[in-house]
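Asks: Quick one: this structure, given as structure tokens, is what I'll be asking you about.
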Amino acid sequence: MIDPRVASGLRDIPPSVMIPRERMLAIFRKTFGSFGYVPIETPHIERMEVLTGKGAGSDEVLRQIFDVTNKGGTPGELALRFDLTVPLARFVAKHVNELGTPFKRYAIGSVFRGERPAKGRFREFVQCDFDTVGTESPLADAETAQVIHDALSAAGIPAFTITLNNRKILDALLDSLGLSDRTSAVLRSLDKLAKIGREKVIDELQQGEAATADAPERGARLTQEQAEKVLAFVEAGRGKAEVLDHAESILGTHPKAVEGIANLRQIFELLAASGTSLDRLAIDLGLARGLDYYTGVVFETTVDGWEKFGSIASGGRYDNLASLFTERRLPGVGASIGLDRLLALLEEAKWLKGTSTTAPVLVANFPGVDPTVPVNLAGRLRVAGIGAEVFPEPLQIGKQMGYGSNRGHKFAVIVGPDERASEVFNLRDLATRQERKGIPLSNLETTVREALSAIEGAGA
């Protein structure tokens, strides 16, 4: 017999998780659509050169790409997508003339990375992306943070923090220290600060080897003094909008710093005007994000008290990514909500309200009653917009009620021989086991709807 286990880093998703997952996806789609984002789909498999073009992703991400080779195919020609942003850049470059700009899209789908499996980290996971391409407007930057805020709030996620930075501020810092040629290596190390701590980042910043004829440059190769200055700037740059004054005092009139600081200040002003809760916003001048294609504002979102799970929504501005595929300038900004990491966090925190049914009502198949009766009642409920499941076997009622309780049905409609003769039904609350008896069948839809509304009101 074949072992039914799944491969490492992959998992089966049971109904108790899949049902709230689908509900959350519906909320995200509704939120994206309310801001004018339209859906697109791109293939799971892309040409390798699309995914590995210069600036498409960090070295770490590119090492995690899954090759795809069909029988007789060419090794290294195809690969599974590692995110939805690089395929978007290819898509827009190909279709921009018919799409027009600015183009606002959302895409929801699986992406694949050969990561080491851990809590909230999988080799296949779903990203919920939304992006605006074809504008450098700070309104698009601010809207990205607003969509993250509104989508997570609508999904009922407990207190969370959206942290912002602008990569131009970090670029200015490194330029002022004479390190602009080592930006990528420094930013990759800074991106690990929360994971490995200050001392290990200091050590990593000092490691590396200069480029040779046979090998590219490896590591940042900073001096102890340079590494300490970088960390000191970053550590003093965490908080609310006032930390921008700190950046200004250190970097003065450096053109990139001036531009990045002004951008963040305008984003905060726009978000305040939109009604977004500023209590949920923060600035971290060390926030870099791991992907090389970011050029301006960057975002990272964590659930308060659960920062160990990492970011549940992140993104930023990428003004040069489309240049991989077209000479036309197509600046973009967007973010991605990591659905599976978010659900893993909610499960761990026991905040996920699981259920194994999509129908709130179970219609009993009472022994001795013609099965056309429960089938008719369930049909009436569905026509009224109320989900109803008929138990398929005429087993003892206790077993049918146990089935309904275990799967999360809210109510059971019961019609036995006596009820059938009197044209009434009984309604059992499967959570409390309380039962209302002798309700006229003519009142079926109204009674069940009112009972469900009462439960929803109590839950709210």
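The values are calculated or read from the model by the stated rules, or taken from the named source; none is laboratory data. Remember, it's a predicted structure, so these values are computed and weren't measured experimentally. Every residue, glycine among them, receives a Cβ derived from its backbone with ideal geometry; neighbour counts consider all protein chains shown.
Asks: Out of the residues in the range 423-444 meeting the condition of being touching a Pro at 6+ places or on another chain (Cβ under 9 Å) and surrounded by 12 or more Cβ atoms within 10 Å (Cβ to Cβ), tell me which one is nearest to residue 378 (Cα to Cα).
Replies: 425
Asks: Return a yes/no flag: does the range 110-126 have any residue that is polar (S, T, N, Q), without any contact (Cβ under 8 Å) to a residue 24 or more places away in the chain and either assigned by TED's automatic domain parsing to the domain that holds residue 308 or surrounded by 15 or more Cβ atoms within 10 Å (Cβ to Cβ) (or both).
Replies: No: the range 110-126 contains no residue that is polar (S, T, N, Q), without any contact (Cβ under 8 Å) to a residue 24 or more places away in the chain and either assigned by TED's automatic domain parsing to the domain that holds residue 308 or surrounded by 15 or more Cβ atoms within 10 Å (Cβ to Cβ) (or both).
Asks: What about residue 266, is it outside the structural domain of residue 140 (by TED's automatic domain parsing) and either modelled with pLDDT under 95 or not aliphatic (A, V, I, L, M) (or both)?
Replies: Criteria not met by residue 266.
Asks: Taking the range 158-182, which residues are surrounded by 17 or more Cβ atoms within 10 Å (Cβ to Cβ), at pLDDT below 95 and in contact with a strand residue (DSSP E or B) (Cβ under 8 Å, 6 or more places away or on another chain)?
Replies: Listed by number, the list holds a single entry, 167.
Asks: Then there's this: Could you say which residue among 109, 36 is more than 20 Å from residue 339 (Cβ to Cβ), at pLDDT 95 or above and not in a helix (DSSP H, G or I)?
Replies: Unique residue meeting the criteria: 36.
Asks: Anything in the range 129-176 that is of a type in the set (A, V, I, L, M), over 30 Å from residue 227 (Cα atoms) and either under 14 Å from the mean Cα position of the chain (by Cα) or not in a helix (DSSP H, G or I) (or both)? List them, or say none.
Replies: Hits for the range 129-176 are 133, 145, 147, 148, 151, 152, 154, 155, 157, 159.
Asks: Only helices (runs of 4 or more DSSP H) wholly contained in the range 361-460 count here; list those with 3 or more residues that are under 30 Å from residue 155 (Cα atoms).
Replies: 372-383, 397-407, 444-459
Asks: Next question. Filter the range 93-109 down to residues that are farther than 18 Å from residue 314 by Cβ and in contact with a strand residue (DSSP E or B) (Cβ under 9 Å, 6 or more places away or on another chain) and give me whichever is surrounded by the fewest Cβ atoms within 10 Å (Cβ to Cβ).
Replies: 95
Asks: Ok, one more. Just need a number here: residues in the range 312-330 that are of a type outside the set (A, V, I, L, M) and either surrounded by 22 or more Cβ atoms within 10 Å (Cβ to Cβ) or touching a Pro at 6+ places or on another chain (Cβ under 7 Å) (or both).
Replies: The qualifying residues number 6.
Asks: Moving to a separate point now. Can you find even one residue in the range 390-397 that is crowded, with 17+ Cβ neighbours inside 10 Å, among the β-branched types (Val, Ile, Thr) and touching a residue at least 12 places away in the same chain (Cβ under 8 Å)?
Replies: yes
Asks: Continuing with this model, one more query. Answer yes or no: is there a residue in the range 347-359 that is out of contact with any strand residue (DSSP E or B) (no Cβ under 9 Å at 6 or more places or on another chain), at pLDDT 95 or above and closer than 23 Å to residue 24 by Cα.
Replies: no
Asks: How many residues are over 27 Å from residue 48 (Cα atoms), in contact with a helix residue (DSSP H, G or I) (Cβ under 9 Å, 6 or more places away or on another chain) and surrounded by 20 or more Cβ atoms within 10 Å (Cβ to Cβ) when one looks only at the range 127-143?
Replies: Number satisfying all stated conditions: 4.
Asks: Within the range 5-30, which residues are β-branched (Val, Ile, Thr), assigned to a helix (DSSP H, G or I) and under 19 Å from residue 109 (Cβ atoms)?
Replies: Once the filter is applied, which keeps residues that are β-branched (Val, Ile, Thr), assigned to a helix (DSSP H, G or I) and under 19 Å from residue 109 (Cβ atoms), the range 5-30 yields 17, 27.
Asks: With (1) on the phi > 0 side of the Ramachandran plot; (2) at pLDDT 95 or above as the list, and residue 310 as the residue in question, which single condition is left unmet?
Replies: Tallying (1) on the phi > 0 side of the Ramachandran plot; (2) at pLDDT 95 or above, residue 310 fails exactly one: (2).
Asks: Has the range 183-194 got at least one residue that is more than 30 Å from residue 80 (Cβ to Cβ) and of a type in the set (Ser, Thr, Tyr)?
Replies: no
Asks: Given the conditions (1) closer than 25 Å to residue 89 by Cβ; (2) surrounded by fewer than 17 Cβ atoms within 10 Å (Cβ to Cβ); (3) at pLDDT 95 or above, and given that residue 290 satisfies all but one, which numbered condition is not satisfied?
Replies: Failed condition: (3).
Asks: Within the range 49-68, can one find any residue that is under 14 Å from residue 322 (Cα atoms) and loosely packed, with under 14 Cβ neighbours inside 10 Å?
Replies: Scanning the range 49-68, I find at least one residue that is under 14 Å from residue 322 (Cα atoms) and loosely packed, with under 14 Cβ neighbours inside 10 Å, so the answer is yes.
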